[in-house]
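*Asks:* Sharing a structure here in structure tokens format.
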Amino acid sequence: IHSDSWCVRYRTELEDKYNRRLSITTELKRALASQQNELSMVYQPKIDLQTMKVCSMEALIRWNNSVLGFVPPDEFITIAEQAGLIEQVTTWVMKQTISDLAYFRGMGYGFTVAMNLSTQDIQNKVLLGKLVSLLTQEGLSPEALELEITESDLVADASLAIENLNELTARGFHFAIDDFGTGYSSLAYLKNLPVKTIKIDKSFILSLASDENDQQIVHTVLSLANVFNLKVVAEGVEDVASLEILKDWGCDIVQGYYISRPLSRSDLEDWLQNTPF
Ligand code: C2E
Ligand code: CA
Ligand code: CA
Ligand code: CA
């Protein structure tokens, strides 16, 4: 009876996982094909610590589905990659983000917008070509956009990714390494790549003010980044104490709930008019 119930529980768990994945795939396909605004973009401000002013926005996708409710991006992006849907998702993100960026530029705002790319996107020349033409259509230059990629995109058999990275950099695009510190790569390795910016993962920042281990790690990363001439963004800044520490240690840019949560385009418009930053 014991081993049997264990077995049943294990099987049920697998079935649940499989069913969830299946309905996410089905619903996501439908959402991409329909015009019902299930998908949307939100924008989270980044502050330059030298000027204490807004310098950039990270574009983050949101999905609200009538059957599944709110599905976290971490979950459905991974499934989209496995189900062969990521090209469609990223195309949608590019269109929306670039059109919103053009909108804000039209209002006179000079901030850049940072877009997340997934591993497969960086290997996809057709998709990257689309990015260039969408920008051209809106009359924007590549400098208006930042592209966030993770370390794992660049290690292990990623020669095509690196080739594409070099090509886009030559065209004027800027890349940032996301989730820095969670992978295996090192700052010395990044030195040989056309990467100007790293984003320290929020897992090292959330408790920065109270956690001595995090302080040691972040301090080390900041001093090394300085040696290698890399710009550093800290994500997950939730309190002023962490912000002050980061400022003292020469961090360039901060992003987090202390500044603002990610906001819809219209909420961002209001925020920009009332913010002290
Ligand atoms: P990420 O690129 O590392 O994005 C940062 C995440 O941290 C976002 O979660 C953001 O809402 C959250 N965050 C920002 N400030 C704070 C803070 O102060 N405290 C805490 N606790 N969290 C904070 P989100 O929006 O849920 O996105 C999760 C992940 O999903 C992203 O991690 C990214 O890997 C992926 N993602 C989101 N949008 C896109 C997209 O358009 N395309 C792709 N390929 N991936 C995306
Ligand atoms: Ca990111
Ligand atoms: Ca992160
Ligand atoms: Ca991430």
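*Asks:* Measure out, as a whole number of angstrom, how far apart the alpha-carbon centroids of segment 93-136 and segment 152-211 sit.
*Replies:* So the two Cα centres are separated by 19 Å.
*Asks:* Right, something else. Taking the full set of protein chains and a 1.4 angstrom probe, give the accessible area of M107 in square angstrom, rounded to the nearest 10.
*Replies:* Accessible surface of M107 is approximately 80 Å².
*Asks:* Let me have the relative contact order for the chain, percent, based on Cα pairs under 8 Å that are six or more residues apart.
*Replies:* 18 percent
*Asks:* Something else: Ranked highest first by average number of other Cβ atoms within 10 Å, how do 4-17, 137-150 line up?
*Replies:* Averaged packing, sorted descending, gives the order 137-150, 4-17.
*Asks:* Then there's this: Using every pair of alpha-carbon atoms in segment 164-262, split the distances into 5 Å bins beginning at 0 and state the percent of pairs per bin, rounded to integers.
*Replies:* 3, 13, 24, 24, 17, 11, 6, 2, 0
*Asks:* I want to verify the translational diffusion coefficient of segment 216-277 in µm²/s; compute it with Stokes-Einstein, Rh as the Kirkwood radius over Cα pairs, at 37 °C and 0.692 mPa s.
*Replies:* Diffusion coefficient, whole number: 254 µm²/s.
*Asks:* Give me the net charge of L222's neighbourhood, meaning all other residues with Cβ under 13 Å from the Cβ of L222; Lys, Arg count +1, Asp, Glu -1.
*Replies:* Charge balance near L222 sits at 0.
*Asks:* Return a single number: how many Lys pairs in the chain, at a sequence separation of 8 or more or on separate chains, have alpha-carbon atoms below 18 angstrom apart.
*Replies:* Within the chain, the lysine pair count is 18.
*Asks:* For n ≥ 4 DSSP H runs only, could you compute -39500 (n - 2.57) per run for the chain, divide by its residues and tell me the 222 nm figure to the nearest 500?
*Replies:* The helix-only estimate for the chain comes to -15000 deg cm²/dmol at 222 nm.
*Asks:* Rounded to the nearest 10 Å², what accessible area does K196 show when all protein chains are kept and the probe is 1.4 Å?
*Replies:* Solvent-accessible area, nearest 10 Å²: 120 Å².
*Asks:* Related question: Would you please put 158-166, 225-233 in order of how densely packed they are, using the mean number of other Cβ atoms within 10 angstrom per residue and starting with the highest?
*Replies:* For the peptides 158-166, 225-233, the packing ranking is 225-233, 158-166.
*Asks:* Still on this model: Quick one, what does Rg over Rh come out to for segment 1-71 if you take C-alpha atoms and the Kirkwood Rh?
*Replies:* Computed over Cα atoms, the ratio is 1.29.
*Asks:* Using the Kirkwood radius over Cα pairs, work out the Stokes-Einstein diffusion coefficient for the chain at 25 °C and 0.890 mPa s, in µm²/s as a whole number.
*Replies:* Using the Kirkwood radius from Cα pairs, D works out to 122 µm²/s.
*Asks:* Hey, another quick one. So with the 1.4 Å probe, I'd like the accessible area per residue for segment 46-126, rounded to whole Å².
*Replies:* 43 Å²
*Asks:* How do the peptides 245-255, 167-177 rank, highest first, by the average count of neighbouring beta carbon atoms within 10 Å per residue?
*Replies:* Ranked from most to least packed, the peptides come out as 245-255, 167-177.
*Asks:* Out of all Cα-Cα pairs in segment 37-179, roughly what percent, to the nearest whole number, are more than 25 Å apart?
*Replies:* Tail of P(r) above 25 Å: 28 percent of Cα pairs.
*Asks:* Once every Cα of segment 1-121 carries one equal point scatterer and solvent is ignored, give the base-10 log of I(q)/I(0) from the Debye formula at q = 0.17, 0.20, 0.22 Å⁻¹, two decimals.
*Replies:* Listed by q, the Debye log ratios stand at -0.90, -1.10, -1.22.
*Asks:* If you average 1/r over all unlike Cα pairs in segment 78-117 and invert the result, what Kirkwood radius do you get in angstrom?
*Replies:* Here the Kirkwood hydrodynamic radius works out to 11.3 Å.
*Asks:* Sticking with this structure for a sec: What fraction of the DSSP beta bridges in segment 146-254 is antiparallel, stated in percent and rounded to the nearest 5?
*Replies:* Approximately 0 percent, going by the DSSP bridge assignments.
*Asks:* Quick one: Debye curve from the C-alpha atoms of segment 163-220, no solvent, what's log10 I(q)/I(0) at q = 0.12, 0.16, 0.19 Å⁻¹?
*Replies:* Each listed q maps to, in turn, -0.36, -0.58, -0.73.
The values are calculated or read from the model by the stated rules, or taken from the named source; none is laboratory data. Given the structure is predicted, the values throughout are model-derived calculations rather than measurements. Note that we place each Cβ from the backbone using ideal geometry, even for glycine, and neighbour counts take in every protein chain shown. Side chains are part of the model used for accessible areas, which takes the heavy atoms of the whole protein and leaves out ligands, DNA and RNA. Shrake-Rupley method; radii C 1.70, N 1.55, O 1.52, S 1.80 Å.
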